[in-house]
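What follows is one structure encoded as structure tokens, with my remarks underneath.
The values are calculated or read from the model by the stated rules, or taken from the named source; none is laboratory data. Please read all numbers here as calculations on a predicted model, not as lab measurements. A quick note on method: Cβ atoms are made from the backbone with ideal geometry, for glycine too, and the neighbour counts reach across all protein chains shown. Accessible surface areas use protein heavy atoms only, side chains included; no ligands, DNA or RNA. Shrake-Rupley method; radii C 1.70, N 1.55, O 1.52, S 1.80 Å.
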Amino acid sequence: MGMVEEGGAGVVDRKITIGVCVMEKKVKCSPEVSFCVVLNPSPRFRDCSLGLLQVFSAPMGQIMDRLQAFGEFEIIHFGDKVILDDLVESWPVCDCLIAFHSSGYPLEKVQAYSSLRKPFLVNELDPQYLLHDRRKVYEHLEMYGIPVPRYACVNRTEPNQDLDYFVEEEDFIEVNGEVFWKPFVEKPVNGDDHSIMIYYPSSAGGGMKELFRDDHSIMIYYPSSAGGGMKELFRKVGNRSSEFHPDVRRVRREGSYIYEEFMPTGGTDVKVYTVGPEYAHAEARKSPVVDGVVMRNPDGKEVRYPVLLTPAEKQMAREVCIAFRQSVCGFDLLRSEGSSYVCDVNGWSFVKNSYKYYDDAACVLRNMFFDAKAPHLSSTIPPILPWKINEPIQSNEGLTRQGSGVIGTFGQSEELRCVIAVVRHGDRTPKQKVKIKVTEEKLLNLMLKYNGGKPRAETKLKTAVQLQDLLDATRMLIPRSRPGESDSDAEDLEHADKLRQVKAVLEEGGHFSGIYRKVQLKPLKWDKVPKSDGDGEEERPVEALMILKYGGVLTHAGRQQAEELGRYFRNNMYPGDALDLIFHFPYVKMSAAAFAKGLLDLEGQLTPILVSLVSKDSSMLDGLDTASSEMEEAKAQLNEIITAGTKLVHDYVSSESPWMIDGVGLPPQAKESLPELVKLAKKVTEQVRLLAKDEEENPTEPSAYDVVPPYDQAKALGKSNIDVGRIADGLPCGSEGFLLMYARWRKLEKELYNERRDRFDITQIPDVYDSCKYDLLHNSHLNLKGLDELFKVAQLLADGVIPNEYGINPQQKLKIGSKIARRLLGKILIDLRNTREEAMSVAELKKSQDQVSVSLCSPRKEDRCSQPKLFIKSDELRRPNTGENKDDDEDKETKYRLDPKYANVMTPERHVRTRLYFTSESHIHSLMNVLRYCNLDESLQGEEGLVCQSALERLCKTKELDYMSYIVLRLFENTEVSLEDPKRFRIELTFSRGADLSPLEKNDEEAESLLREHTLPIMGPERLQEVSSCLTLETMEKMIRPFAMPAEDFPPASIPAGFSGYFSKSAAVLERLVKLWPFNKNSTSNAKKPTT
């Protein structure tokens, strides 16, 4: 080909020369290469030839090889000796120059060469200085209007320099008046230092995670409300990309740092690679913030998946490329709550292990070089790329989704489209509450200190500083010796005992955690007192009610149960398919995190998993308030039936539908069992009292001014084994001491039966049962006499009381259930509807694909740089009907959709939508009651129920939906029937009773083995329909809609104060990358490998 040679006498036919002026370590040259290398050299460079892939790293070598295959380019690699030692005047002359900075790179020298020879620069040199200072990178991004995370800079001129504009507290830092709540990210301002840290909240277990890159790392700090601590991120070392440090809670002070708001991204990172402003390739990978384990394919390479960019993200890629004048550029993209942000710009970067990308990059660079040096020549891409001429035609066999097809009940091929699971939390410590009226000046002053001095305002104490103040005051108020045992001292004795209980709760574990210990101080009485300045009077509280709530901590058994159930789901609920995933939970977040660990095959502790992957939706609990009057009515009826000995018809043998009988499950002799229950409860309580007394006789009382020592709560939350040391010492399992154990039993005994009024409180029966089961499971080594007999009586009563608290008869159960689960039912219908709409859109799109032709690059000049990839825009897919409002969460979900031109699957747009709702016992019972009694509603009379007869019989015999019980809805699509056919979408309903085996079980070898580990097995799923039945989605919607919250009634998302975007309402922080993790450990043959 011909081009004008500058300084020459005329036109000389020669190739365009491309100079690669890069340090050898960046292109992975062989050690012996230290000279100028020319690929297919002209006579000028005939003596310094070397093979292409010997010089360049795989990605650059692949691209340079393709450029050379066009036959139009001559590639010159300068080598370190030329770059470092030779004068620029002696450097090879080239038409186009590839040059990018790295450690030891003489950028100023390269700039001098550029000024001398004036080659076309693929990446301009001056802006490369910006990339070494994260502050300048962010300023530049903001200058061009490119979204970045909220951040602030802390600049120090010397290590450990104190700065008046920087304040650090337990759960936040403040920079120039701007507050960053944990979790937040800490990055060095030096762009070459990748020492990034994440600091966690203490309520999630605390600690720090380090994300590391060789000797570099990045810090992210977590708030005490999540347990505190820090995670360090670093360049991958072996299979590790981050390290969690549970004991690190203070930020670094030895240098200058950027502090950045932690953006929940669903545990997925996105890396964008540009080749010119009109081309961008995006890949997603498992984020190092999750568990720090690098996911690798069988070849040992990190698994990444090409994903589609939204139109807005494509524009951001273009702007990054233009803003930094770097044609070949990589940057990190954060997708969080429906928005995207750029958090780092890396400069020169290539994709690894993608032949399609190498093809595209070579074509785009070819056009770029032609536009710069030979604009008069045609740059039309040949119909067959030169390097593909001799390639054999690839068969499509093996690209199908082998794991996604299942044989339906009617023999048709079906594909799983959606999994929705509602799961009860795992085994946990009993939840407790202490109420005490206080008149002590120290406690009243504490209330005023934290409520702004308002005498009639209540105060909530949750932070470590607040709870430490309360503990200090309580220690000083507890009498050193007990008062006399006279009647006049009884009230003082009870008051002192409650103060000791408060002190014991605050000292439990050695470190405060806002999620498990909360204190309210409510003023009750006030007096007028003179003002301190003597000018008039002011109101001051003289009595307040202190309420301390604690307990509900996930035990090692609960963690083990949740992880095991997650693994079961991974291996059994998904037929080797892909999924996207969202976790919701009202307040049982640790169970959700442990389940996520098992489901996604993660490693490490729960704190990083919790913060990265789990979102909170406390509004799910609103139904408990709306159904309170109906539940009180049911409990009153239940109390009358049991305490008055009202006889109910229990002729189960003659009844064809025993589940329709009022008060089903109540034992016939319930009234006679109550005195025995009280007697045995007193017996157990007295034994625990003696144990507590022995413990109190040898106290280790700290000074009133002692500060609670640091405690690795993150490690405690990460425990999955029993505490052998405490058990060997004869202490209660976990962190509960005998004093708190006695307080728990004393409260139950006192509230179960009022001796003065001779009145039983049947609402305490479930709590007695839970406490018995907890101690039989975790404290059997204490050998409490009568505990097993107490458990049997309590279980007999609880089996009748608990189900009937949600309604005495089917109509009442349906009414209460529909109120409690109204919002949950609405969410489920929205999930199913969105799945159907998406599946139908994909089907229609696939139907029309044969009519769509996408060319790699248009021959027209103006289209040369257009992006040669097929992007399917999410807004081009079908939306719900205009009469139906889509859930507002759907717009905020973080989407990761495979790019079909790069993904090695036939239908990458299809995936399994997964929604996991972790909730309370009340929601499990309520949802089940709606499913089995929905056809009793007036609007649905005559309709067949959703639950079959045999399943109704099993449910009638199921007395308890125990820890980790669940209800699962799976939606299947039959792709062989028309889109209009109702049988296109089928629902499968299953449930599990959870870990409902008795801790006294002696006939189950597995159960006996697990009991030694203080846990119980989780029962497998049971069908709610006949095997041959076909419950269509249309029928399911019709039966559930009368009880579900309409989509348009869902309020907009709200963000709890102090978390700045963390824990937003169902923020979709667990939207998974398609096929990011394998979901069948035995299906390696089905798992799709990345393109190689």
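Being at pLDDT 90 or above, assigned to a helix (DSSP H, G or I) and within 40 Å of the chain's Cα centre (by Cα) is a condition met by no residue of the range 418-440. Inside the range 729-763, residues that are among the β-branched types (Val, Ile, Thr) and open to solvent by less than 30 Å² (accessible area, probe 1.4 Å) make up a count of 1. Just the residues that are touching a residue at least 40 places away in the same chain (Cβ under 8 Å) and open to solvent by 20 Å² or more (accessible area, probe 1.4 Å), please, taken from the range 774-783. Scanning the range 774-783 gives LEU776, SER780, HIS781, LEU782.
Residues that are more than 16 Å from ARG970 (Cα to Cα), surrounded by 16 or more Cβ atoms within 10 Å (Cβ to Cβ) and not hydrophobic (A, V, I, L, M, F, W, C) within the range 1014-1048 comprise HIS1014, THR1015, PRO1017, listed in sequence order.
Here is a yes/no grid of residues against (1) over 17 Å from THR17 (Cβ atoms); (2) modelled with pLDDT under 95; (3) among the small types (Gly, Ala, Ser):
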site: LEU67; (1), (2), (3): no, yes, no
site: ILE76; (1), (2), (3): no, yes, no
site: LEU84; (1), (2), (3): yes, yes, no
site: SER103; (1), (2), (3): yes, yes, yes
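The set of residues in the range 655-690 that are touching a Gly at 6+ places or on another chain (Cβ under 8 Å) and among the β-branched types (Val, Ile, Thr) contains only VAL684.
Which of the residues spanning the range 65-101 are within 47 Å of the chain's Cα centre (by Cα), more than 15 Å from LEU365 (Cβ to Cβ) and part of a loop (DSSP other than H, G, I, E, B)? Don't jump to the end; show me each part of the working.
Our first condition is that a residue be within 47 Å of the chain's Cα centre (by Cα); within the range 65-101, this holds for 65-69, 77, 79-80, 96-101.
Subset that is more than 15 Å from LEU365 (Cβ to Cβ): 77, 79-80, 101.
Result: GLY79, HIS101.
Could you look through the range 530-565, keep only residues that are among the polar types (S, T, N, Q) and in contact with a Gly (Cβ under 7 Å, 6 or more places away or on another chain), and pick out the one that is farthest from MET447 (Cα to Cα)?
Step one: list which residues in the range 530-565 are among the polar types (S, T, N, Q), which gives 532, 555, 560-561.
Among the residues that remain, those that are also in contact with a Gly (Cβ under 7 Å, 6 or more places away or on another chain) are: 555, 561.
Numbers: THR555: 32, GLN561: 40 Å.
Out of the qualifying residues, it is GLN561.
Check PRO810, PRO766 and return the single one that is under 33 Å from the mean Cα position of the chain (by Cα) and under 23 Å from GLU633 (Cβ atoms). Let's see the steps before the verdict.
On the way: PRO810 fails: under 33 Å from the mean Cα position of the chain (by Cα).
None of the other options fit; the residue is PRO766.
Regarding the range 146-165, can at least one residue be identified that is aliphatic (A, V, I, L, M) and either in contact with a Cys (Cβ under 9 Å, 6 or more places away or on another chain) or over 16 Å from TYR257 (Cβ atoms) (or both)? Among the residues of the range 146-165, at least one is aliphatic (A, V, I, L, M) and either in contact with a Cys (Cβ under 9 Å, 6 or more places away or on another chain) or over 16 Å from TYR257 (Cβ atoms) (or both), which makes the answer yes.
Output the residues belonging to the range 753-789 that are among the aliphatic types (A, V, I, L, M) and assigned to a helix (DSSP H, G or I). Explain how you work it out, then say what you get.
At the first step, the residues of the range 753-789 found to be among the aliphatic types (A, V, I, L, M) are 762, 765, 768, 776-777, 782, 784, 787.
ILE762, ILE765, VAL768, LEU776, LEU777, LEU782, LEU787 - these are the residues of the range 753-789 that are among the aliphatic types (A, V, I, L, M) and assigned to a helix (DSSP H, G or I).
Considering every residue within the range 108-115, establish whether at least one is open to solvent by 20 Å² or more (accessible area, probe 1.4 Å) and hydrophobic (A, V, I, L, M, F, W, C). Yes, there is a match, as at least one residue in the range 108-115 is open to solvent by 20 Å² or more (accessible area, probe 1.4 Å) and hydrophobic (A, V, I, L, M, F, W, C).
For the range 812-840, filtering for residues that are among the polar types (S, T, N, Q), open to solvent by 10 Å² or more (accessible area, probe 1.4 Å) and over 14 Å from TYR933 (Cβ atoms) leaves 0.
Does LEU461 fit the bill of being open to solvent by less than 10 Å² (accessible area, probe 1.4 Å) and among the hydrophobic types (A, V, I, L, M, F, W, C)?
Details: open to solvent by less than 10 Å² (accessible area, probe 1.4 Å): yes; among the hydrophobic types (A, V, I, L, M, F, W, C): yes.
Taking the combined requirement at face value, the residue satisfies it.
For the range 1009-1032, which residues satisfy the criterion of being among the hydrophobic types (A, V, I, L, M, F, W, C) and assigned to a loop (DSSP other than H, G, I, E, B)? Selection gives LEU1016, ILE1018, MET1019, LEU1024, VAL1027, CYS1030. There is at least one residue in the range 970-984 that is crowded, with 16+ Cβ neighbours inside 10 Å, at negative phi and in a loop (DSSP other than H, G, I, E, B). If LYS616 meets every condition in (1) among the basic types (Lys, Arg); (2) more than 30 Å from GLN811 (Cβ to Cβ); (3) modelled with pLDDT under 75; (4) surrounded by fewer than 16 Cβ atoms within 10 Å (Cβ to Cβ) apart from one, which number is that one? The single condition LYS616 does not satisfy is (4).
Within the range 256-285, the residues that satisfy the criterion of being open to solvent by 20 Å² or more (accessible area, probe 1.4 Å) and farther than 15 Å from SER354 by Cβ are SER256, GLU261, MET263, ASP269, PRO277, GLU278. Within the range 284-329, which residues are part of a strand (DSSP E or B) and either at pLDDT 85 or above or of a type in the set (Ser, Thr, Tyr) (or both)? TYR305, GLN326, VAL328, CYS329, listed by residue number.
Quick check on the range 949-964. Is at least one of its residues more than 26 Å from the chain's Cα centre (by Cα), among the hydroxyl-bearing types (Ser, Thr, Tyr) and not in a helix (DSSP H, G or I)? Yes, because at least one residue in the range 949-964 is more than 26 Å from the chain's Cα centre (by Cα), among the hydroxyl-bearing types (Ser, Thr, Tyr) and not in a helix (DSSP H, G or I). Would you please name the residue that is nearest to MET316 (Cα to Cα), looking only at residues in the range 119-137 that are touching a strand residue (DSSP E or B) at 6+ places or on another chain (Cβ under 6 Å) and buried (at least 20 other Cβ atoms within 10 Å of the Cβ)? Residue satisfying both the conditions and the ranking: VAL137. Within the range 167-188, the set of residues being at pLDDT 85 or above, open to solvent by 20 Å² or more (accessible area, probe 1.4 Å) and either among the hydrophobic types (A, V, I, L, M, F, W, C) or not in a strand (DSSP E or B) (or both) comprises VAL167, GLU169, PHE172, ASN176, GLY177, VAL179, TRP181.
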